[in-house]
Amino acid sequence: MQEFLGAYYLWIKAVHVIAVISWMAAMLYLPRLFVYHASAVPGSELSETLKIMERRLLKFICNPAMIAAWIFGLLMLYANPEILQGQGWMHAKLLFVVLLSGVHGVLAKNTRLFAQDKNAKSAKYFRILNEIPTVLMIGIVVFVIARPF
Ligand code: HEM
């Protein structure tokens, strides 16, 4: 199995990077929709349209992309376990990835609350929330490409 993964390592990495680009696109867009949704009147045409957009973005892009990013990332760790030994950059990267997965959970919860017209958060809250995946993504890419420690 490790030999097979080793032979296709760069293909696995390519699929991993495609998955993380899709995941980040959804993670940066979903809270933006929440900013507009927080000011929309519950039951209005705008609110109902945003519900559909949020549900589809989460279900058809964000969730599958996160799962693929994890699967292909873990496959690379399995194929190349040395990467975890003493490589501070990979440890820092995985910490930020776990935090990012936590933010994913918060976005999924808010998608559900908006769908039930139960949102109690302000547009300002979602503007701030929108910055968190951005900062985590910048950190992850710097750790995995520049490997500063
Ligand atoms: C979801 C869990 C994740 C795991 C388990 C994981 C794990 C890995 C591993 C083991 C590598 C190969 C490193 C190498 O061989 O040099 C890698 C490469 C990479 N990862 Fe992830 N990763 C995850 C999420 C992410 C996220 C969220 C991003 C970006 C926001 C990201 C961006 C990258 C990039 C750009 C590379 C290519 C680095 C290079 O070739 O130099 N990864 N990842």
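The values are calculated or read from the model by the stated rules, or taken from the named source; none is laboratory data. Everything numeric in this text was worked out from a predicted model, so none of it was measured. Glycine gets a Cβ as well: all are built from the backbone with ideal geometry, and neighbour counts include every protein chain shown. These area figures cover heavy atoms from the full protein model, side chains too; ligands, DNA and RNA do not enter into them. Shrake-Rupley method; radii C 1.70, N 1.55, O 1.52, S 1.80 Å.
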Residue within the stretch 1-15 that is more than 22 Å from VAL141 (Cβ to Cβ), open to solvent by less than 30 Å² (accessible area, probe 1.4 Å) and either of a type outside the set (Val, Ile, Thr) or touching a Gly at 6+ places or on another chain (Cβ under 6 Å) (or both) present: yes
Residues being open to solvent by less than 70 Å² (accessible area, probe 1.4 Å) and part of a helix (DSSP H, G or I) - total across the stretch 24-43: 11
Looking only at residues that are among the aliphatic types (A, V, I, L, M) and under 19 Å from GLY43 (Cα atoms) in the stretch 119-129, which one is surrounded by the most Cβ atoms within 10 Å (Cβ to Cβ)? ALA123
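Residue-by-condition table, conditions (1) at pLDDT 95 or above; (2) open to solvent by 20 Å² or more (accessible area, probe 1.4 Å); (3) more than 12 Å from the ligand (Cβ to nearest atom):
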| position | (1), (2), (3) |
| --- | --- |
| GLU45 | yes, yes, yes |
| ASN63 | yes, yes, yes |
| LEU74 | yes, yes, no |
| ASN80 | no, yes, no |
| GLN85 | no, yes, yes |
| LEU100 | yes, no, no |
| LEU113 | yes, yes, yes |
| ASP117 | yes, yes, yes |
| MET137 | yes, yes, no |
